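Notes follow the structure.
All of the numbers you see were taken from the coordinates with simple rules; none came from a lab. Just so it is clear, the model here is predicted, and its values are computed rather than measured. Heads up, the Cβs are rebuilt from the backbone with ideal geometry, glycines too, and the neighbour counts pull from every protein chain shown.
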Amino acid sequence: MAEWVQNLMDSMGYLGILLLMILENVFPPIPSELIMPSAGFAASRGDLNIFMVIAMGTLGSVLGTLPLYYIGRAFGEERLVEWADKYGRWLTLRGSDIRRADDWFDRHGTKAVLFGRMVPGIRSLLSLPAGMSEMPLPKFLIYSAIGSGLWASLLAGAGYLLGENYDRVEHYVGPASRIILAVVVVAAVVWFLRRKREQAAKA
């Protein structure tokens with residue numbers, strides 16, 4: 001994949017960075033921790049401008065959040081609540097759980113979007129609850145842009161400084177993203193099992 005990413009950027013330049021970062025948000029297996037350090041390395045060789053690299057990476061990342069945001073917005077809280085009340089018992093999920101989650105996102109959504117955009121493994125997924133909770137699009141874009149800009153700057157800067165060793169960024173960040181994703185999955189499983197036990201005790 002590293003060779004494909006590098007070839008695309010070599011042939012398309014800034015547009016390649018933009019497209020890759022859009023795809024990275026829609027298809028997380030294409031990691032930003034490979035794309036942006038590679039672009040930073042290209043900037044260190046003088047092939048690209050580091051500030052344009054960061055700008056294109058940030059723009060692509062923000063544009064890539066929109067499909068999931070609009071899916072969440074189209075689905076909406078009320079539809080999800082209705083679905084949970086009707087079918088959610090199979091997942092130990094109730095409409096009231098959805099409303100509590102939505103209330104939490106209403107209170108903490110800006111921080112979740114801002115800092116979540118810098119957390120590998122979940123950065124792409126935050127667009128769904130943002131859309132479902134009907135976070136205003138301008139606010140969502142602003143906080144996404146800030147978080148994405150910081151993340152793109154960190155990765156591109158690391159690639160710029162490491163030069164030919166830019167792949168070390170993915171070497172260290174990649175396992176971290178898998179650990180974070182595993183923690184999220186384990187937490188979801190623990191929550192599921194706990195709800196099952198609570199329901200069995202009530203029965």
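A few points about this structure:
- Relative to the current alpha-carbon distance between Leu150 and Met12, full extension at 0.36 nm per residue lengthens the span by 47.3 nm.
- Positive contributions from Lys and Arg (+1) and negative ones from Asp and Glu (-1), summed over other residues with Cβ under 13 Å from the Cβ of Ile17, come out at -3.
- Fully extending the segment from Ile71 to His108 would add 11.3 nm, taking 0.36 nm per residue of separation and subtracting the current Cα-Cα distance.
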